[in-house]
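Shown next, in structure tokens, is the structure this report addresses.
The values are calculated or read from the model by the stated rules, or taken from the named source; none is laboratory data. Here the structure is a predicted model, which means the values were calculated and not measured. Note: ideal-geometry Cβ built from the backbone for every residue, glycine included; neighbour counts use all protein chains shown.
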Amino acid sequence: MHRAFIVLLTSIIALLSGAPATAQILNGIDADPAPWQVQLRFTGTLRLVDGNGQPITRPEWSRRHLCGGTLIAPRWVLTAGHCLFDKQEGQPPRRRADIEFVVRAGLTDIEQPGPTMHERRVRSVLHPDYRHSLQGSAQNPPGLDNFPAHRDFALIELDHPLPLDDPARIAVSPMVAKKPKAGHVARVTGWGQLTRPDPLKPAALQQADLHLVGTTICNGRYQRPGGPRIVPRSGVLCAEGLTSAGEPIDICKGDSGGPLAVTLGGGVRLAGVVSWASCGDPGKPSVHGDVRAIRAWIEETIDLASGQPE
């Protein structure tokens, strides 16, 4: 699964793909049931500029896939912070208004969602320490600008809770209590890009099994000689995989915000949030936000909004 994120693609790619930029999975397969997986779906008019810098609006591109997310409580979704921003080449990122997207749950095929699909309006909460790097910064991984540099998380509050009476369709994912070790198998799921350079996108949810990689090794795959550290020592998880033919398995455009799940303590638990990747460059792991680093913020945010723990 190659998943590169909204932030990592130019507006030219967006024009060619006919949809807002997001992350997708390369060399994955159709997913097993993942009832905690949700879709962030764009409802507004895509904002682009032409070669003369004049705005282009494409209403026909409305209601397209934006990002993934994970249901962590009946009315709360955890996703990537950069999913809340509209990024175009040469321009500072613009925070999306909450009216520009909705959350959909209970679906695996985003083109034919079926009667089990539930759609909700949203209120978004960006992590207070989120930041993205500046365009052209030496901190950016080679070839990537405006990438999510720190605390790439956001919470999405739904306008009313999702039903949990059919756990095979919609379910809350518990989070890990301790960090999984390097080498542990982790699964990513999403509707991100299947191939590159042509942005083939799936309708059916995809999955891929990866192996966790230590952050020191991960940083060494990206850091320029003599340059600043790119992958933090803590707060993130790195993962990589290969097919039997030696092809990279990776996240890519459209997979952003989705779950990185592991089996620990006798069950499947959320370990990370898909953040950024090279989208299939050999030897370069994908990077995911470590949910253990923000559990206190999640609990405080939900408690503040609800008046009591969920």
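Do we have residue 289 as at pLDDT 95 or above and either among the hydroxyl-bearing types (Ser, Thr, Tyr) or in contact with a Gly (Cβ under 7 Å, 6 or more places away or on another chain) (or both) here? Criteria met by residue 289.
Quick grid of which residues meet (1) of a type in the set (A, V, I, L, M, F, W, C); (2) more than 13 Å from residue 185 (Cα to Cα):
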position	(1), (2)
264	yes, no
271	yes, no
274	yes, yes
279	yes, yes
284	no, yes
287	yes, yes
294	yes, yes
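Conditions (1) assigned to a loop (DSSP other than H, G, I, E, B); (2) more than 17 Å from the chain's Cα centre (by Cα); (3) at pLDDT below 95; (4) surrounded by 22 or more Cβ atoms within 10 Å (Cβ to Cβ), marked per residue:
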residue: 51; (1), (2), (3), (4): yes, yes, yes, no
residue: 56; (1), (2), (3), (4): no, yes, yes, no
residue: 82; (1), (2), (3), (4): no, no, yes, yes
residue: 90; (1), (2), (3), (4): yes, yes, yes, no
residue: 115; (1), (2), (3), (4): yes, yes, yes, no
residue: 123; (1), (2), (3), (4): no, yes, no, no
residue: 134; (1), (2), (3), (4): yes, yes, yes, no
residue: 140; (1), (2), (3), (4): yes, yes, yes, yes
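Note on region 153-227: no enclosed strands (runs of 3 or more DSSP E) hold 3 or more residues that are touching a Phe, Trp or Tyr at 6+ places or on another chain (Cβ under 9 Å) and within 21 Å of residue 25 (Cβ to Cβ). Among the conditions (1) farther than 27 Å from residue 115 by Cα; (2) polar (S, T, N, Q); (3) surrounded by 13 or more Cβ atoms within 10 Å (Cβ to Cβ), the only one that residue 193 does not satisfy is (1). The criterion of being touching a residue at least 12 places away in the same chain (Cβ under 8 Å) and in a strand (DSSP E or B) holds for residue 274.
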